[in-house]
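If you scroll down you'll find the structure; I have some questions about it.
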Amino acid sequence: MIRNNVYVHGNNISQKLSSKAKYTDRESVLFLEEIIHKYEVWKKDNLELKGPFKNSSLEEIQEIVYKRVELLNNYKDFLDIQKYAEHFDSRSNLHSSVLEEFMYYLFKDIVEEISPNALIGKSHSFKDIFFRSSSYGSMVERPCAVIEKKDHDFSIGISVNAEMNCNGSQQNEVHIWDIPAIAIECKTYLDKTMLQDVSTAAEEIKLKNPNAMYIVVAEWIKLTENINLKKYKVDQIYVLRKQKNTDREYRFLDGYVKNPIYNDAVMHLFILVKDFLTSDWEGGVNYGLQNGYLL
């Protein structure tokens, strides 16, 4: 299985600890050393926990998913305490990267079971291709292809090696890109601007790979009832805490109740992905014509 930066949260901490420009003060170093100690325990516990797998029973899936959620809640409760939350702002990606790494732990075993060649983790997915030769003389020698790519927080798919050449030419071009079956964007909170951005990304993926699924996973949302969710091109939006976003400073006031990450929301996410990865994607005009309906 090809793993692309699957320990993204751990790498984030390590990069901060090794930085010569930022987070070099004594307090930052102390905080990061405390965090990485707790992180290593979280990582070890998740790697030792196996499953769920493709043929796991619903009871087995629930038991393992609930255990992973318990581990996640324990780690997030530690990381979200006031001193860490205030010291490392959203630009540090320290907090948001936890969800990205959790996606790997949640799906690693079923993906590896399906194929040892599968791609999992961060990806630079195929977005578009165009051809830009410097002259006609260059054009007849090689394609001069330029591949546009789009980064995704987490994806499950395949890495493709494409070799191109022009008729009669011996010059080959080799391009490598990722094709996601499922792309998941991970957000600490989701607002309208973010939703518009991910909807555009989802639409771009599906123009080139119509079978792809695009999911957004957030802890909180910052949306109102005035939002028409049906117009956005994402397949599902998960709000794991079932809670609207509040500004960070309010979360530390007396009386504020922070919801946990809910078992049933993560369970729904896992089942959705599992069913998608193990189902038949057959489609197209000829297939639909047999039934009398095309979509």
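The values are calculated or read from the model by the stated rules, or taken from the named source; none is laboratory data. Quick caveat, the model's predicted, so the values are computed rather than measured. Heads up, the Cβs are rebuilt from the backbone with ideal geometry, glycines too, and the neighbour counts pull from every protein chain shown. Heads up: the accessible areas ignore ligands, DNA and RNA and are worked out on the full protein's heavy atoms, side chains in. Shrake-Rupley method; radii C 1.70, N 1.55, O 1.52, S 1.80 Å.
Search the structure for amide H atoms under 5 Å from the amide H of Gln243, placed 1.01 Å from N in the peptide plane, and list their residues when 5 or more places away or on another chain.
Close amide H contacts, sequence-distant or interchain: Ile221.
Local charge sum around Phe131 (other residues, Cβ-Cβ under 14 Å, Lys/Arg +1, Asp/Glu -1)?
-2
Rounded to the nearest 20 Debye, what is the dipole magnitude of the chain about its Cα centre when Lys and Arg each give +1 and Asp and Glu each give -1 at the C-beta?
Computed about the Cα centre, the dipole is about 520 debye.
Hey, in the GNM for the chain with a 10 angstrom Cα cutoff, which one of Ala118, Ala145, Ala183 fluctuates hardest?
For the chain, modelled as a Gaussian network with Cα springs under 10 Å, the answer is Ala145.
Also, I was wondering about something else. If I build a Gaussian network model for the chain, linking alpha-carbon pairs within less than 10 angstrom, which residue out of Asn46, Asn161, Asn11 has the largest mean-square fluctuation?
The residue that fluctuates most here is Asn161.
Assigning unit charges at the beta carbon (Lys, Arg +1; Asp, Glu -1) and nothing else, what dipole magnitude in debye, to the nearest 20, does region 65-142 show about its Cα centre?
Dipole about the Cα centre, nearest 20: 260 debye.
Would you mind working out the accessible area per residue for region 8-281, using a 1.4 Å probe, and quoting it in Å²?
52 Å²
Moving to a separate point now. In a shell of Cβ-Cβ distance under 11 Å around Lys122, excluding Lys122 itself, what net charge do Lys and Arg (+1) and Asp and Glu (-1) give? Provide the component values of the computation, followed by the final result.
Details: positive: Arg3; negative: Glu100, Glu101, Asp151, Asp153, Asp178.
Net of charged neighbours comes to -4.
Calculate the dipole size of region 1-79 relative to its Cα centre from +1 charges on Lys and Arg beta carbons and -1 charges on Asp and Glu beta carbons; express the result in debye to the nearest 20.
About 420 debye.
Please provide three numbers in whole Å: the alpha-carbon extents of the chain along the principal axes, with the largest listed first.
Sorted from largest, the Cα extents of the chain read 71, 54, 43 Å.
What are the DSSP H helices in the chain that stretch 18 Å or more along their long axis, judged by alpha-carbon atoms, and whose average Kyte-Doolittle hydropathy comes to at least -0.5?
In the chain, the long hydrophobic H runs are 58-79, 96-114, 192-208, 263-277.
Relative contact order, percent, of region 8-281 when contacts are C-alpha pairs under 8 Å separated by at least 6 residues? Could the numbers behind the result be given before it?
Working: 398 pairs, mean separation 38.5, N = 274.
Once normalised by length, the contact order is 14 percent.
Using a 10 Å Cβ count of at most 12 others and DSSP loop calls, identify the longest part of the chain lacking such chymotrypsin sites (Phe, Trp or Tyr not before Pro).
Result, exposed sites excluded: 1-255.
So for the chain: antiparallel DSSP bridges make up what percent, rounded to the nearest 5?
Within the chain, antiparallel bridges account for around 55 percent of the total.
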